[in-house]
There are 2 protein chains.
Amino acid sequence: LNDTSVPIGELGEREVLRRLRARIPQGEGVVVGVGDDAAAVEVGPLALITTDSLVEGVHFKRDWTPARLLGRKALSINLSDIAAMAGVPRHATVSLGLPPDVPWGFVDELYDGLLERSAETGVNLVGGNLSASPVLFIDVTLLGQATRVVRRSGAVSGDQLVVTGTLGAAAQGLKLLAQGARLDSEGELVSTGVWTDSSAVAVTACLRAQLDPRPPLAFARALAERELVHAAIDVSDGLSGDLWQLCEASGVACALEFASVPVDPQVSQLVRAGGGDALSLALHGGEDYQLLLAAAPERVDELKELAAVFNTPLTILGQFREGAPSVFLRVGGRHMPLDRIAHDHFRPTGAGAS
Amino acid sequence: LNDTSVPIGELGEREVLRRLRARIPQGEGVVVGVGDDAAAVEVGPLALITTDSLVEGVHFKRDWTPARLLGRKALSINLSDIAAMAGVPRHATVSLGLPPDVPWGFVDELYDGLLERSAETGVNLVGGNLSASPVLFIDVTLLGQATRVVRRSGAVSGDQLVVTGTLGAAAQGLKLLAQGARLDSEGELVSTGVWTDSSAVAVTACLRAQLDPRPPLAFARALAERELVHAAIDVSDGLSGDLWQLCEASGVACALEFASVPVDPQVSQLVRAGGGDALSLALHGGEDYQLLLAAAPERVDELKELAAVFNTPLTILGQFREGAPSVFLRVGGRHMPLDRIAHDHFRPTGAGAS
């Protein structure tokens with residue numbers, strides 16, 4: 001039996017812990033790292049804390065998701081939350097629920113991804129918990145540091161609605177997984193599923209958006225040092241749902257410019273080739289892990305310049321206005337109410353597994 | 001349909017979140033509480049962080065465990081870790097994995113327990129995550145505050161081994177649950193299972209030790225302000241396993257006085273009535289959530305006085321000595337090596353479900 005295929009139940013909890021701990025470096029600001037009752041870390045006077053889980057069968061399937069990318073994503077979805085507060089991510093704990101028949105190699109690769117993503121983003125893994133579980137889950141808690149936080153509740157009438165990056169690729173990626181498209185653990189395409197090779201570039205991009213999301217962290221870090229935005233939220237549930245949340249928290253309405261929605265070009269290409277509704281994926285698809293920002297009109301140019309420095313696309317999507325919390329889609333000269341079609345974890349539809 | 005029996009899948013994620021958030025007060029040191037992308041909290045220059053989960057079918061059964069007590073325990077097992085670092089618990093996040101058929105009343109009562117235990121211990125609930133999951137799990141991350149941490153690695157040859165409280169009751173409580181004994185959500189006895197009413201007091205005490213553990217938090221907080229101990233670990237896996245860990249971290253051996261092991265008197269009573277091995281439960285049972293401390297002999301009197309102030313029983317259990325990390329049991333004049341029989345989450349035995 002190859003060591004990587006040994007079930008962790010055979011290795012035993014202490015041996016798994018020993019192997020994982022041996023891999024974790026002790027970083028800056030870590031006074032007590034893994035292996036004690038608790039970790040002791042420096043986070044500055046104002047600490048940010050967020051927690052987010054990935055549950056097998058709900059957020060991922062093991063045969064769709066290489067373990068290394070799963071580890072990366074488990075951290076990235078939390079990085080996105082810290083970015084949306086304009087904070088600097090610092091320290092993470094990882095709570096794993098593992099069925100005893102999971103092979104050691106899977107856990108090892110999961111940690112490849114966690115450690116790699118931590119190193120890329122300056123985060124220290126400082127502790128965690130290992131538990132047997134009938135279903136595999138990864139719950140990451142991320143501590144960040146902030147001097148001044150940007151909340152969801154700061155948008156005011158007259159602010160521009162701005163979004164980073166493009167939308168819809170992660171949701172399209174989920175569809176592609178269901179159609180048999182696959183990445184390997186290095187993020188390289190191994191199968192286009194039902195798609196032809198001519199779509200390989202677009203398929204790869206959408207799969208990567210789904211399996212290895214990259215929130216605009218450097219831009220968010222730069223935002224933290226300037227007072228350029230009034231409010232921020234990350235786009236995790238989908239543009240419509242998250243914009244509704246921003247409006248509710250801020251007590252404002254928002255008119256979204258239909259023609260401005262930055263539909264991911266790879267999604268548009270695949271939709272042209274294979275059908276579907278690219279705009280719907282961009283509006284409601286979720287898991288984009290981009291930032292939705294509210295900024296005063298006179299600060300938008302400066303915001304754009306900053307985004308350009310970090311190579312982060314920025315789109316002005318609409319405008320906040322007085323009124324009961326609500327979202328309108330402006331098509332031509334007409335305003336249509338936009339429903340929140342955010343994913344409900346307790347009422348899954350066919351569209352999203354996230 | 002009574003509101004408490006409505007499955008959360010019918011209420012929907014947003015409504016469940018709304019109800020839970022409405023219950024959570026905003027406490028001291030909380031700059032941004034629940035409802036934003038991340039919480040922002042004050043924790044002082046040195047933050048402690050620990051995370052621990054309870055997974056259905058692994059750490060608890062829903063029909064053995066009233067939801068309110070489950071909520072209390074989910075926090076308590078983390079409080080124990082902060083206590084073992086001589087820290088002050090401050091802020092917690094709660095990540096829930098919930099099957100959609102769980103009734104709202106269960107989640108509501110779980111939060112009764114979480115909020116009540118938080119209030120008792122001065123902890124703020126500041127955030128969390130709600131996810132669908134095929135199996136119910138509760139993952140709590142607790143932030144604490146420390147000025148000077150007490151680690152596992154500080155025990156030196158000559159130190160006395162000291163333990164708080166009594167041992168074995170939680171493990172006996174688990175056996176009692178398997179034998180049909182039950183508490184209600186208020187922690188009152190509703191069934192003695194196979195035991196007669198004459199054992200009711202002892203049965204209740206052991207069930208409470210299992211379902212509603214009370215780490216010696218006030219004593220630990222007082223310890224934080226004095227340099228009375230060299231090392232600390234909480235007894236969660238069992239005395240033998242955790243003492244082994246302390247010895248390994250500190251690079252010392254330890255001789256444990258057989259006659260001094262503070263077997264819980266209620267366990268002794270039940271064992272006299274119904275058979276079993278009380279000492280084995282006290283040595284290897286686990287989930288006691290007491291503190292195992294290493295203290296210089298000349299500080300032990302002061303330590304005892306401090307414990308008396310907080311009504312915390314304290315027992316001198318043995319002595320650390322030079323040598324390869326190992327644990328010996330001293331019976332009469334003889335030394336016998338003591339195996340670590342800590343529970344392995346990936347290799348469950350009949351004895352422990354924790």
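The values are calculated or read from the model by the stated rules, or taken from the named source; none is laboratory data. Note that the structure is a prediction, hence the values are computed from the model and not measured. Cβ: placed from backbone, ideal geometry, glycine included. Neighbour counts: every protein chain shown.
A few notes on this one:
- Picking from residues in the range B:250-262 that are under 16 Å from B:Ala295 (Cβ atoms) and aliphatic (A, V, I, L, M), the one that is nearest to the chain's Cα centre (by Cα) is B:Leu256.
- Being facing chain B (nearest Cβ under 7 Å) and farther than 30 Å from A:Pro216 by Cβ holds for only one residue in A:Gly12, A:Gly35, and it is A:Gly12.
- Only one of B:Asp81, B:Asp112 that is farther than 18 Å from A:Leu142 by Cα and either in contact with a Pro (Cβ under 7 Å, 6 or more places away or on another chain) or surrounded by fewer than 21 Cβ atoms within 10 Å (Cβ to Cβ) (or both): B:Asp112
- Unique residue being closer than 21 Å to B:Glu109 by Cα, in contact (Cβ under 8 Å) with a residue 60 or more places away in the chain, touching a Lys or Arg at 6+ places or on another chain (Cβ under 6 Å) and not β-branched (Val, Ile, Thr) when the list is B:Arg72, B:Arg62, B:Arg68: B:Arg72
- Out of A:Thr93, A:Thr65, sole residue that is hydroxyl-bearing (Ser, Thr, Tyr) and at the interface with another protein chain (Cβ under 7 Å from one of its Cβ atoms): A:Thr93
- Residue check, B:Arg226 at pLDDT below 95, in contact with a strand residue (DSSP E or B) (Cβ under 9 Å, 6 or more places away or on another chain) and more than 14 Å from chain A (Cβ to nearest Cβ): no
- Filtered by the rule that a residue be among the charged types (D, E, K, R) and closer than 20 Å to A:Ala169 by Cα, the range A:243-284 gives A:Glu257, A:Asp264, A:Arg272, A:Asp277.
- Residue under evaluation B:Leu228, criteria (1) farther than 20 Å from B:Ala178 by Cβ; (2) under 22 Å from the mean Cα position of the chain (by Cα); (3) of a type outside the set (Gly, Ala, Ser), criterion not met: (2)
- Pairs where the first residue, in the range B:329-354, is away from every other protein chain (no Cβ under 14 Å) and the second is at pLDDT below 70, C-beta under 9 Å, 6+ apart: B:Ala351/B:His343
- Every residue from the range B:38-56 that is facing chain A (nearest Cβ under 7 Å), farther than 11 Å from A:Ile49 by Cα and not β-branched (Val, Ile, Thr): B:Pro45, B:Leu46, B:Ala47, B:Leu48, B:Asp52, B:Ser53
- Only residues that are touching a Pro at 6+ places or on another chain (Cβ under 8 Å), more than 9 Å from chain A (Cβ to nearest Cβ), part of a strand (DSSP E or B) and surrounded by 24 or more Cβ atoms within 10 Å (Cβ to Cβ) were counted across the range B:125-174, and they come to 3.
- For the range B:31-46, a residue qualifies if it is touching a residue at least 40 places away in the same chain (Cβ under 8 Å), touching an Asp or Glu at 6+ places or on another chain (Cβ under 8 Å) and closer than 22 Å to A:Ser80 by Cα, and exactly one does: B:Ala38.
- Taken as a whole, the structure leaves B:Ser80 outside the set of residues that are under 19 Å from the mean Cα position of the chain (by Cα) and more than 9 Å from every other protein chain (Cβ to nearest Cβ).
- Test for A:Gly71: is it touching a helix residue (DSSP H, G or I) at 6+ places or on another chain (Cβ under 6 Å), surrounded by 24 or more Cβ atoms within 10 Å (Cβ to Cβ), more than 10 Å from chain B (Cβ to nearest Cβ) and modelled with pLDDT of 95 or more: yes
- Scanning the range B:297-309 for residues that are at pLDDT below 95 and more than 14 Å from chain A (Cβ to nearest Cβ) turns up nothing.
- Positions within the range A:18-30 being buried (at least 17 other Cβ atoms within 10 Å of the Cβ) and either of a type in the set (A, V, I, L, M, F, W, C) or at the interface with chain B (Cβ under 7 Å from one of its Cβ atoms) (or both), in sequence order: A:Leu20, A:Ile24, A:Val30
- Condition met for B:Ala86 (facing chain A (nearest Cβ under 9 Å), of a type in the set (A, V, I, L, M) and either crowded, with 20+ Cβ neighbours inside 10 Å or touching a residue at least 60 places away in the same chain (Cβ under 8 Å) (or both)): no
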